Structure formats: structure tokens, C-alpha cells
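> Provided herewith is a single structure, encoded as C-alpha cells, for subsequent inquiry.
The values are calculated or read from the model by the stated rules, or taken from the named source; none is laboratory data. Only a predicted model underlies this, so the values are computations on that prediction, with no experimental measurement involved. Heads up, the Cβs are rebuilt from the backbone with ideal geometry, glycines too, and the neighbour counts pull from every protein chain shown.
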């Protein structure tokens, strides 16, 4: 009997999610071809779509677990070596005398942490790993122009790197496939063509907040450069309806992001001379301590002010022919640090179904059924977390609830009580289950307070404030 032909899987999009999907397919013996609109993302001159070159991300358990299941010896360790542990948030504000102050809020009562990761370095490491595999081929500068998912054909426009914008240099190629994976981002071409074959429910929305990147350089010393802030925290300057954050980089710098309403950006655009005063008034210590006024204004003017989009759709697949993953299926706002982690987890969940079902159409149906409510849940939680980061982190009520939940988790573990953040960031529980559990816990706490009156809330608030002082005195909570 002749051996069965090897399955050909094509992956559209060579970002982290697409690369991980290609790794999963290739380790299962499939012939894999990766098509990418841009050039080789390891080239420093190639900027990821919708990102600046230095974008930093929060890598947490879901993303780590997905890469662990790729079963590539040494891959995960090499990626984690280039990350920085972040044990909590550092909340920046001003004292009554106007001096900058900071306060640490640990992420987890059990000492678990997330990691700051450079998106470009992570992407490059995955591409390097794929390049070692003989059954993987790369096709950069290839734009998906069309697809026939019934006949399993796709058409790509190939552009030469030196004449990428010259239409005359383009040529179209036809590619046959057995299975197509779309991981080509929020403005996915695969999703666009998939809509022609399946009745896809689709919604996209923008929030009234733009983001702009800034950079805090390392502190220059006579020996090696040093961090200007604690490297093991996500730094937040909360402004109630806006905020400024800073994430550490391995070169001792910080990648920062201003999240601000579009109308406020317009005001600063119209009067750039007010940028410095806006930062001094709202983000104590940023300028001149961390970024010089001149550099602050220069970065504000030169870096783009970009929108934040949320996308939901379903189904994610068509028969046994194609599926979409990551932002192509569920772009979300970045306030939970789960966008990339959710996309990487998509890959693990998808291949768990493909491994469990001989019929790929059945596997893809199961994947859509499982992942759609999970994507909706984390998208909603990410939207809600903006308020927590920009305002609630300064609230006594928020801190009281956090301390109560952490105490219950630590001292009465059989209750199964945990904060929503811990469930999302340090476990692999389905997002929809996390959302439901967090809602149940919130209702229990509200009912207890309602039943026993304000005395309980006052006692809890006092205890939370006291414990903050004790923890800080002991040097804990970092």
C-alpha cells in the first residue's frame, strides 16, 4: 500500500501566533508553508503592523504553556531567558507636598509573576526555530489576494523587497493546500475571504482612547547602564480616565505607553507647548526625572497616536479547510496583557482538538464552540480592566477586596478562592469559567457586606490599609 501523502498546511501571518501554529503543524509531520505580507520580521528595518519597533508585551502562563506544548527542546527556556519577571504593579502618584511617590501592589499572594517580553525578540526566536525544520518554508512579501476554500486554493501577490510598492513588480501565484491557518492580525485578509464562505457574525468597535509610545532610556553610569525604575514591576501612573505605563526592557530601558482620550490628544496636538505641563500635573516624576522635557515633546510628536480596536466574530472556521487564530479571530484592547497570550493559547486549544478528532471538520467545529465564549470573556475583562488600572488601583475599596480575596486564597485554600487576575494570568482555566467564577465571588462579597452592614466593610478597609503598611514595612509585595 502506498503511504498516505503528507498534509500541506499553509499559515498566513508570521507573527508569534502564526509561528507557533506552524511549529505545532510541523512537529506533527505536516509540510508547512508560511506566507507573510511583510519582509522577514527578524530584519530590524521591518516594523510589525500596527506596532512600533520596540513594543513590549506581558507574557503569562497561558502563552508560556502554549509554547511548552510545542515540544521543542530548549525553545521555551531560550525565550524566557530574554524576559524580565514582573512581580506586581508600581503605582506612582504625588505626596501632599507634591513629591513623586510610589507604592508596590503584588500581583499574587503566592509570589507568582508575569514576564516582560520583547515582541520582536520572541518572534525572531520562533522564526529561528522554524528555520531549523526541513518541512517548513517561508514566503515573505506575499500578500493574500484571494482564496477558494471549497477547492482549497489560495492566491498570493508576490512583491519584491526592493520594489514593495511598485504594482508592476507584483506577480500572483496559486497555492494548493489541505489546511489553511489565518493568523494575520486584526485586519485579517483570511477572515475577509472566509466571510464569503460562511455566515460569520462580525463586530468591530473602537474605544475613545488612543495610545502613543514613549521611551525611558537607561541610567548612564561609569560602569554598566542601570534601570531608572524598579525592573520587576509594571509601572502605572493612573489618571482616572487615562494613564501612563512603563514596562522594563532587557537593555535597561523602559517602553512606555500613554493611553488618553482622543479629544485630549487633539488638545495637546493643538498646543504642544502644554505637553510638558500635562505630564508634570498628571504623571509625577516622569519629566524631567525619567524623560527630559525636550525628549518628551519630541517623542510625542514623532510617534504615532494609534487607535485601540476590539473585534469579535464567529465561527472561526469553514468546514475542514480553514481556521483563524489570534487577533484575526478576537482582537482586544491591551489592558489585561492577554492579547498575545490568548492567541498563543488558541494554538494549543486548536491542536488539542485536531489531535482528538480524526475528522478535521469536527475538530474545527469543536474549536469554534469552545473558543468563542472564551474570547468574548477575555475581551470583556480587558475592557473592564482599564478602569482598574487607571483608577481603582488607588481605591481603598478595591484594595480591601483584593486583600480579602488573597487572604482567603492563602489561608482557606479549599474554598478555591482566587482573584480574577490570578486566575487569568497564572492559570489555564478557560476565560469564560474565570469570568463566571469572579462574578460569583463578587456576589458573595456583596451579600456578606449587605448582610452584616457597613461595619464589616469598615473593618475590612481598616485591615487592608493596615496590612499595606505592614507589608511595605517588611519589604513584601514587590
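> Listed residues 174, 157, 165; which is more than 30 Å from residue 75 (Cα to Cα) and at pLDDT below 95?
165 is the lone residue from the list that is more than 30 Å from residue 75 (Cα to Cα) and at pLDDT below 95.
> Take the conditions without any contact (Cβ under 8 Å) to a residue 40 or more places away in the chain, surrounded by fewer than 21 Cβ atoms within 10 Å (Cβ to Cβ) and outside the structural domain of residue 408 (by TED's automatic domain parsing) and apply them to residue 42. Does it pass?
Considered against the rule, which asks whether it is without any contact (Cβ under 8 Å) to a residue 40 or more places away in the chain, surrounded by fewer than 21 Cβ atoms within 10 Å (Cβ to Cβ) and outside the structural domain of residue 408 (by TED's automatic domain parsing), residue 42 comes out as no.
> Same structure again: Output the qualifying pairs, or none if there are none: Cβ atoms under 6 angstrom, residues six or more apart or on different chains, first residue in the range 364-375 and touching a residue at least 60 places away in the same chain (Cβ under 8 Å), second residue crowded, with 23+ Cβ neighbours inside 10 Å.
Pairs found: 375/330.
> Exactly one condition in (1) over 22 Å from residue 38 (Cα atoms); (2) surrounded by fewer than 20 Cβ atoms within 10 Å (Cβ to Cβ); (3) in contact with a strand residue (DSSP E or B) (Cβ under 9 Å, 6 or more places away or on another chain) is not met by residue 116; state its number.
Evaluating residue 116 over (1) over 22 Å from residue 38 (Cα atoms); (2) surrounded by fewer than 20 Cβ atoms within 10 Å (Cβ to Cβ); (3) in contact with a strand residue (DSSP E or B) (Cβ under 9 Å, 6 or more places away or on another chain) leaves (2) as the failure.
> Scan the range 75-88 residue by residue and report those that are more than 24 Å from residue 374 (Cβ to Cβ), in contact with a helix residue (DSSP H, G or I) (Cβ under 9 Å, 6 or more places away or on another chain) and surrounded by fewer than 20 Cβ atoms within 10 Å (Cβ to Cβ).
75, 78, 80, 82 - these are the residues of the range 75-88 that are more than 24 Å from residue 374 (Cβ to Cβ), in contact with a helix residue (DSSP H, G or I) (Cβ under 9 Å, 6 or more places away or on another chain) and surrounded by fewer than 20 Cβ atoms within 10 Å (Cβ to Cβ).
> Please find, within the range 210-225, the residue that is farthest from residue 304 (Cα to Cα) out of those that are touching a strand residue (DSSP E or B) at 6+ places or on another chain (Cβ under 8 Å) and at pLDDT 95 or above.
Within the range 210-225, the match that is farthest from residue 304 (Cα to Cα) is 218.
> Which members of the range 138-160 meet the condition of being out of contact with any helix residue (DSSP H, G or I) (no Cβ under 7 Å at 6 or more places or on another chain) and loosely packed, with under 14 Cβ neighbours inside 10 Å?
The answer is 150, 151.
> Going by the structure shown, is residue 80 free of Cβ contacts under 8 Å to residues at least 60 places away in the same chain and in contact with a strand residue (DSSP E or B) (Cβ under 8 Å, 6 or more places away or on another chain)?
yes
> Kindly indicate which of 331, 322 is buried (at least 23 other Cβ atoms within 10 Å of the Cβ) and either under 17 Å from residue 203 (Cα atoms) or under 15 Å from the mean Cα position of the chain (by Cα) (or both).
Answer to the selection: 331.
> Looking for whichever is at pLDDT below 50 and more than 23 Å from the chain's Cα centre (by Cα) here; the options are 468, 443, 478. Which one fits?
468
> Mind listing whichever residues of the range 121-137 are in a strand (DSSP E or B) and touching a helix residue (DSSP H, G or I) at 6+ places or on another chain (Cβ under 8 Å)?
Residue satisfying the conditions is 136 alone.
> Restricting attention to the range 408-433, which residues are in contact (Cβ under 8 Å) with a residue 12 or more places away in the chain, farther than 23 Å from residue 343 by Cα and assigned to a helix (DSSP H, G or I)?
Within the range 408-433, 409, 410 qualify.
> Given the structure, is residue 345 more than 30 Å from residue 448 (Cα to Cα) and surrounded by 20 or more Cβ atoms within 10 Å (Cβ to Cβ)?
When the stated conditions are applied, residue 345 passes them.
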